[in-house]
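If you scroll down you'll find the structure; I have some questions about it.
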Amino acid sequence: MRIDRSEWGIRLSDRVRAALSARDIEVARRLVAEGDGMAKSLEKEYSLMVKGLGITIRILLDLLEEAAGRLANDEARRSLTEVLWRFCRDMTRLVSPAEGSEPSAQDRAAGVAGALARTRLLLAESEARFDHEHKKLAGQILEALDRRDSNAALELSDRKERLEFVPLHDRLVRFMAELWGYVLERLGAEELGRFHLATAEAQRRGFEAWERLSTAEFARATAFLARQHMGDMAITEYEDKFQFEFSPCGSGGRLRRDGAYEGSSPLPYVEKSGELTFGKGKLPVYCSHCPMWNSVAPTAWFGHPQWVFDDPARADGSCTMSIYKHPESIPAEYFRRLGLAVPAATPRPGQR
């Protein structure tokens, strides 16, 4: 199935809903079983996102384990332990609601090491549960379609996405933001930058795979990734670039829109202009990984950013990002805002 570029941002679940609303059982069944040319099937629609978030979090946990050994302040270690246990409590409620969610006295006595071990275990359990539940629900949706019961199929589709995937996605994203916020507040902006670059380096093979794509293929892959974050986007192709308008961005934008940087336990902002903030006066801590992963690290590896951001992380959760067809077209001012030297022209291997 070939999808027009104007529809790259539409999720498979929404295509299924549209077919069900139109009572087109045959199209709905084909989408559930065979996907839409981007997602392989309804069962696998969000598998890459859950796997990708898990990979990133495991890298962060390894980095934090090393950093914890350098924390001489007992209060700082207790604070990290509490961040981890708070995540464990929430994940236990998602994975095993019948189990007690509070850490035992023995768990707490194990300190940071015990909290890290429990976090890794619950992360693996949540991924296994996600795969199991989505396979089961996809099968039930197909059974409903075979009965030509579009109402049941629609209800199950909503459950699969809104009750199973979104709560897991949002808690994993929030946890990443909490870990970065901890690093910023306890270890400083320079260490946060090191964390971001080390995390990008650990996932470099994925960025290299992107670099081998043509610009259009890369834009399509980016749309697939972005739509799994559950935001809204519009994609426009210009002569020199593909421009993505996120309103909101499904990860950092929704965090901000939903009040994560307000209230009694707000996430922090990076408040020093530089590469972590796109040169802005301040930036939400979660969003600080975008300049580092998608611009600073790729410039070091490939000679140019892969994603170029224009007025990012706006207060309403929106963001504008572009993929340039020719890296030499990237404005020199963008490099300067990130504190990077303007490189010589470096064509993409897959550039058309």
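The values are calculated or read from the model by the stated rules, or taken from the named source; none is laboratory data. Predicted model, so just to flag it, every value in this text is computed and none were measured. Note that each Cβ is placed from the backbone with ideal geometry, even for glycine, and that neighbours are counted across all protein chains shown.
Given the condition closer than 20 Å to LEU48 by Cα and either outside any helix (DSSP H, G or I) or in contact with a strand residue (DSSP E or B) (Cβ under 7 Å, 6 or more places away or on another chain) (or both), answer yes or no: does some residue in segment 198-211 qualify? Break it down stepwise before answering.
The initial filter retains those residues of segment 198-211 that are closer than 20 Å to LEU48 by Cα, namely 199-211.
Within this subset, residues satisfying the condition of being either outside any helix (DSSP H, G or I) or in contact with a strand residue (DSSP E or B) (Cβ under 7 Å, 6 or more places away or on another chain) (or both) are 203.
Yes, the conditions are met somewhere in segment 198-211.
Now a separate question. Yes or no: VAL285 surrounded by fewer than 23 Cβ atoms within 10 Å (Cβ to Cβ) and β-branched (Val, Ile, Thr)? It would help to see each step written out before you state the result.
Working: surrounded by fewer than 23 Cβ atoms within 10 Å (Cβ to Cβ): no; β-branched (Val, Ile, Thr): yes.
No, not satisfied.
Return yes or no: is GLU43 over 17 Å from the mean Cα position of the chain (by Cα), not small (Gly, Ala, Ser) and not in a loop (DSSP other than H, G, I, E, B)?
Answer is no for this residue.
Hey, LEU172 hits all of (1) in contact with a Pro (Cβ under 8 Å, 6 or more places away or on another chain); (2) surrounded by 20 or more Cβ atoms within 10 Å (Cβ to Cβ) but one; which does it fall short on?
Failing condition for LEU172: (1).
In addition: Any residue in segment 13-33 that is modelled with pLDDT of 95 or more sitting within a Cβ distance under 7 Å of a residue that is part of a loop (DSSP other than H, G, I, E, B) and surrounded by fewer than 16 Cβ atoms within 10 Å (Cβ to Cβ)? List the pairs, counting only those 6 or more apart or interchain.
ILE25/ARG148
Name the one entry in GLY263, GLY250, GLY259, GLY279 that is part of a loop (DSSP other than H, G, I, E, B), surrounded by 21 or more Cβ atoms within 10 Å (Cβ to Cβ) and assigned by TED's automatic domain parsing to the domain that holds LEU213.
Exactly one residue qualifies, and that residue is GLY250.
With modelled with pLDDT under 95 and assigned by TED's automatic domain parsing to the domain that holds ARG227 as the only criterion, which of PRO327, PRO298, PRO305, PRO349 stands out?
Numbers: PRO298 fails: modelled with pLDDT under 95; PRO305 fails: modelled with pLDDT under 95; PRO349 fails: assigned by TED's automatic domain parsing to the domain that holds ARG227.
After applying the criteria, what remains is PRO327.
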